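Only one structure is covered here, and it is reproduced in the block below.
The values are calculated or read from the model by the stated rules, or taken from the named source; none is laboratory data. Quantities reported herein were computed from a predicted structural model and do not represent experimental measurements. Cβ coordinates were reconstructed from backbone atoms using ideal geometry, including for glycine residues, and neighbour counts include every protein chain displayed. In case anyone asks, the SASA skips ligands and DNA or RNA and just uses the protein heavy atoms, side chains included. Shrake-Rupley method; radii C 1.70, N 1.55, O 1.52, S 1.80 Å.
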Amino acid sequence: MEGWRGAWYVPCLASLETLQELCRKENLTCKSIGITNRSLKSYEVEYLCDYKVEEGKAYYLVKWKGWPESSNTWEPRKHLNCPLLIQNFLRDKNEYLSRGRGGKAMKLRNHVKTLKPAIADYIVKKAKQRIALQRWKEELNRKKNHKAMILVENTVDLEGPPLDFYYINEYKPAPGINVLNGITTGCECADCPAEKCCPKEAGFILAYNKRKKLKIQPGLPIYECNSYCRCGPDCLNRIVQKGTPYSLCIFRTNNGRGWGVKTLQKIKTNSFVMEYVGEVITSEEAERRGQFYDNQGNTYLFDLDYDSDEFTVDAARYGNVSHFVNHSCDPNLQVFNVFIDNLDLRLPRIALFSTRTIKAGEELTFDYQMKGSIDLTSDSAEGLSPSKKSIRTVCKCGAMCCRGYLN
């Protein structure tokens, strides 16, 4: 917080309203909770809580930005210059009413002078959710290391941001695990791929064509140029390391699958979409965590067994957008093992590529069992399956070829 030179402590579980009151009492500013120099000296509508009509005049109960709810006041409509917030208020009110009538639109009658407490409570919850999701979106976009935007959307329920999820851009190794093996050499190509480019040195072909689209079959590894290579950032063998090039939206699904991810841009076939990241842990630790996740009915464990079964990626608490990608028995994304600055076959990076053209607005999915287009007869393909779960989980993907269970 700004404006304070000495030590200043607040309870770690203090509510937003408590922090706002403390800031005002000490004349402190804290942008993250809405306390700025401007809000310390002025009043700005944060959201509208309730509605009533008195003596023929319409009033709204106002939550002031940077002020606790105890400071809410009733204000006449003519004093409010916040058309978007009024629009949100009316939309949330009508949404609540329409749900009570099976989705049919319904408006309050003209003679109704107050809202029922249940309606006002829903409107406040939606307003708080909207603010929380906006803050989460801003946080995600601050932490990401790629240019494309991340959006957040929930038009289904009152669920807010996950409370125990932390965005990361690359693997977070557990103590004792080294995800960088100290590589000190790279290719000498002036124009990749040359005769001794990185893939050929590893005994494989270049994974991408001249349009930077994938040209290898599932099950084969991708070897990209690394930080010691002479080629520049525009090298056609530098794709996964640049991060996702597409703007994506984390959205709430309407069929009980929780959060999902959809693309906001058209994605062509065989294009890199995103990387799957999380904590890198030992397989023994994965077994222990897996028992706990089984009881919850979900898991984010992904075995790194391209060459062995020593390590697992756990994206439950630490991950990127891929944490929210749902399963489908007919997916539009395919998993590939990638090696860049680490050539340790036990620790490949996991990249998701499109299997077909994906339209803007379409949900992104991959097969948690990694079947389908993978050549299951190859040894390497067997290493692409997430950790097995002892409890069978019903699949809700809705695909024509749905297997019925996620595992």
Ranked order, LYS78, LYS93 - accessible area, probe 1.4 Å, largest first = LYS78, LYS93
Measuring from label point to label point, each 7 Å out along Cα→Cβ, what is the THR357 to GLN134 span in nm?
-> 3.7 nm
Segment ARG77-THR282, length gained on full extension (0.36 nm per residue, minus Cα span) = 67.8 nm
If all Cα-Cα distances of the chain are sorted into 10 Å bins from 0 onward, what percent lands in each bin, rounded to whole numbers?
-> 4, 18, 25, 21, 16, 11, 4, 1, 0
The chain: angle of helix 283-296 to the longest principal axis, Cα-based, in degrees nearest 10 = 40 degrees
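Per DSSP H run of at least 4 residues, take -39500 (n - 2.57); add these up for the chain, divide by its residues and hand me the 222 nm value, nearest 500 deg cm²/dmol. Before the final figure, lay out each step's value.
Numbers: 6 runs with 78 residues, N = 407.
Taken over the chain, the calculation gives -6000 deg cm²/dmol.
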Extension reserve of the VAL53-SER308 stretch, reckoned as 0.36 nm per residue once the Cα distance is removed = 84.8 nm
For GLU46, which sequence-distant residues (separation of 5 or more, or a different chain) have an amide H within less than 5 Å of its own amide H, given hydrogens modelled in the peptide plane?
-> LYS63, TRP64, LYS65
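Could you compute how fast segment 148-366 diffuses translationally, taking Rh as the Kirkwood radius over C-alpha pairs and applying Stokes-Einstein at 37 °C with viscosity 0.692 mPa s? Give it in µm² per second. Display every interim value, and only then the final one.
Numbers: Rh = 18.4 Å.
Diffusion coefficient, whole number: 179 µm²/s.
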Charged-residue dipole, Cβ positions (Lys, Arg, Asp, Glu), the chain about Cα centre, Debye nearest 20 = 2380 debye
Crossing angle, helix 83-99 versus the chain [Cα axis fit, 0-90 degrees, rounded to tens] | 80 degrees
Computed P(r) (all Cα pairs; segment 221-342; 5 Å bins; percent) | 2, 9, 15, 20, 20, 16, 10, 5, 2, 1
Which value, in Å² and to the nearest 10, is the accessible area of LYS137 when all protein chains are kept and the probe is 1.4 Å?
-> 50 Å²
Please calculate how many Å² of accessible area the chain carries per residue, with a 1.4 Å probe and no DNA, RNA or ligand atoms counted.
-> 55 Å²
Pulled fully out, how much extra length does the chain show between TYR166 and LYS116, if you take 0.36 nm times their separation in residues and subtract their Cα-Cα distance?
-> 14.2 nm
Of all accessible heavy-atom area on the chain, the percent that carbon and sulfur account for (1.4 Å) = 50 percent
Checked against the positive end of the charge dipole of the chain (+1 on Cβ of Lys and Arg, -1 on Cβ of Asp and Glu, about the Cα centre), the farthest of VAL179, SER328, SER283 is SER328
With respect to the cross-link table entries LYS212/LYS266; LYS116/LYS262; LYS144/LYS266; LYS125/LYS147, which display a Cα-Cα separation exceeding 26 Å?
-> LYS116/LYS262; LYS125/LYS147
Quick one: what are the phi-derived ³J(HN,Hα) couplings along segment 56-61, Karplus 6.51/-1.76/1.60 with θ = phi - 60°, whole Hz, x for glycine and proline?
-> x, 10, 8, 10, 10, 7
